[in-house]
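The values are calculated or read from the model by the stated rules, or taken from the named source; none is laboratory data. What you are looking at is a predicted structure, and each value in this text was computed from that prediction instead of being measured. Using ideal geometry, Cβ is built from the backbone for each residue, glycine included, and neighbour counts are taken over all protein chains shown. These area figures cover heavy atoms from the full protein model, side chains too; ligands, DNA and RNA do not enter into them. Shrake-Rupley method; radii C 1.70, N 1.55, O 1.52, S 1.80 Å.
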Amino acid sequence: MSQKRSIETTCIQGGWQPKNGEPRILPIYQSTTFKYSTSEQMGRLFDLEENGYFYTRLANPTNDAVANKICEMEGGAAAMLTSSGQAANFYAVFNICNAGDHFICSSTVYGGTSNLFVVTMKKMGIEVTLVDPDAPAEEIEKEFRPNTKCVFGESLANPAMVVLDFEKFAALAHKHGVPFIVDNTFATPINCRPFEWGADIVTHSTTKYMDGHAMSVGGCIVDSGNFDWEANAEKFPGLTTPDDSYHGIIYTQKFGKGAYITKATAQVMRDLGSIQAPQNAFLLNIGLETLHLRMPRHCENAQKVAEFLKSCEEVDWVTYPGLEDDKYHELAMKYMPNGTCGVIAFGLKGGREAAAEFMDKLKMAAIVTHVADARTCVLHPASHTHRQLSNEQLLEAGVDPSLIRLSVGIENVQDIIEDIRQALK
């Protein structure tokens with residue numbers, strides 16, 4: 001199917017193309033295994049000589065259909081689903097980084113991603129340098145090393161709502177011959193098109209807006225197919241030299257634009273196994289069908305809520321890129337002209353104590369360890385996700401101790417505002 005059709009149509013029609021007499025709705029292929037008539041047929045699948053399904057840890061028709069839909073939405077060449085957004089970010093980097101390698105990451109990324117990169121991957125011998133995303137290009141460039149293999153950032157930082165300057169980071173990555181990876185979870189392909197601004201690989205926690213209903217955890221990696229791995233072949237031996245575990249095939253030569261995702265599936269997923277359950281992929285697909293309807297409503301509601309919060313005397317500060325006086329408004333208008341997302345960060349004059357009291361008094365908005373779904377929800381990182389950190393450590397991590405992360409849902413916006421108003425009073 002042509003990728004030239006609109007993203008709204010792709011949300012509904014992408015991925016699953018039933019043939020004559022096949023189910024109209026994407027089926028759940030809830031099977032671990034797939035039957036073949038001859039040993040030779042299955043052998044060709046194991047040698048990557050043919051495409052097909054033999055074991056769901058490697059590939060499943062339900063998962064592939066949903067991955068193909070997201071791939072088309074992002075305008076990519078190939079994609080794969082993972083069991084979570086964490087797995088997607090890990091695989092995206094680990095697919096090209098070995099022990100002894102280094103990569104660069106924006107310092108404002110989600111705390112779970114930061115911990116994965118800084119703590120866990122360091123144990124694997126992979127080092128990361130965190131950089132201020134607002135720093136001048138020449139300052140960031142000083143952090144590149146001969147063994148730097150990629151640059152990573154979030155289109156919209158969770159929870160700080162920093163808008164990434166795609167062109168600045170893409171230019172630096174490409175100058176040094178490495179890919180630029182962007183986590184596009186918050187903005188989604190409805191509001192942000194990272195590949196059009198120089199990104200090479202996009203990741204998602206599909207758990208958030210894509211699923212949209214807090215039903216299933218999942219992740220996705222999409223490759224643009226635009227990065228030339230062969231141009232800096234010595235940097236990416238996993239893609240450009242023979243893989244002994246598959247009779248010496250060279251991914252870039254055999255799979256072209258599909259090389260990166262084929263390697264991620266055939267090697268990383270084969271060995272680490274963070275596959276998305278077909279049932280979860282089915283639920284994700286239902287969420288994707290309304291993504292183009294939900295995102296404008298999230299943004300519209302969040303804009304009104306952010307403006308209301310700005311007018312409240314109890315509120316100390318509000319960060320939302322849709323506000324004209326926001327630090328990132330200009331970048332948001334450039335990269336996300338139709339809106340950002342439904343997440344607002346704000347602080348109360350009473351600090352972290354006032355934040356806890358405010359949240360306890362909310363009646364409709366729920367306190368949950370989640371963000372970016374149809375229901376309005378709230379979290380105070382200093383009391384919840386980052387509670388092990390002191391105020392000084394919180395500030396070092398870019399999280400104001402008073403920061404409240406408000407995920408504005410798609411309910412009636414006056415009901416949301418009224419709930420906030422009564423809790424503040």
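Flag: I416 does not match the condition of being open to solvent by 10 Å² or more (accessible area, probe 1.4 Å), in contact (Cβ under 8 Å) with a residue 60 or more places away in the chain and outside the structural domain of S106 (by the TED database).
How many residues does the stretch 62-77 contain that are open to solvent by 20 Å² or more (accessible area, probe 1.4 Å) and in contact with a helix residue (DSSP H, G or I) (Cβ under 8 Å, 6 or more places away or on another chain)? Walk me through it before giving the result.
Kept after step one, since they are open to solvent by 20 Å² or more (accessible area, probe 1.4 Å), are these residues of the stretch 62-77: 64, 68, 72, 75, 77.
Of the ones still in play, those that are also in contact with a helix residue (DSSP H, G or I) (Cβ under 8 Å, 6 or more places away or on another chain) are 72, 75, 77.
Number satisfying all stated conditions: 3.
Kindly provide the set of residues from the stretch 178-206 that are part of a loop (DSSP other than H, G, I, E, B), open to solvent by 10 Å² or more (accessible area, probe 1.4 Å) and in contact with a helix residue (DSSP H, G or I) (Cβ under 6 Å, 6 or more places away or on another chain), ordered by number. Result: G198, single match. Of everything in the stretch 291-317, what is surrounded by 16 or more Cβ atoms within 10 Å (Cβ to Cβ) and part of a loop (DSSP other than H, G, I, E, B)? Give them in sequence order. If the condition is that a residue be surrounded by 16 or more Cβ atoms within 10 Å (Cβ to Cβ) and part of a loop (DSSP other than H, G, I, E, B), then C312 is the only one that fits.
Let's see how each residue does on (1) free of Cβ contacts under 8 Å to residues at least 40 places away in the same chain; (2) on the phi < 0 side of the Ramachandran plot; (3) of a type outside the set (S, T, Y); (4) assigned by the TED database to the domain that holds N412:
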{"site": "I261", "(1), (2), (3), (4)": "no, yes, yes, no"}
{"site": "T265", "(1), (2), (3), (4)": "no, yes, no, no"}
{"site": "L283", "(1), (2), (3), (4)": "no, yes, yes, no"}
{"site": "K334", "(1), (2), (3), (4)": "yes, yes, yes, yes"}
{"site": "G342", "(1), (2), (3), (4)": "no, yes, yes, yes"}
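Inclusion of L26 among residues that are touching a residue at least 40 places away in the same chain (Cβ under 8 Å) and part of a loop (DSSP other than H, G, I, E, B) is warranted. Against the list (1) open to solvent by less than 10 Å² (accessible area, probe 1.4 Å); (2) not in a loop (DSSP other than H, G, I, E, B), the condition Q276 fails is (2).
If you go through the stretch 312-325 and keep only what is without any contact (Cβ under 8 Å) to a residue 60 or more places away in the chain and in contact with a helix residue (DSSP H, G or I) (Cβ under 8 Å, 6 or more places away or on another chain), you end up with V318, G322, L323.
Right, L156: among the aliphatic types (A, V, I, L, M) and in contact (Cβ under 8 Å) with a residue 60 or more places away in the chain or not? Give the derivation first.
Details: among the aliphatic types (A, V, I, L, M): yes; in contact (Cβ under 8 Å) with a residue 60 or more places away in the chain: yes.
Judged against the criteria, L156 is a match.
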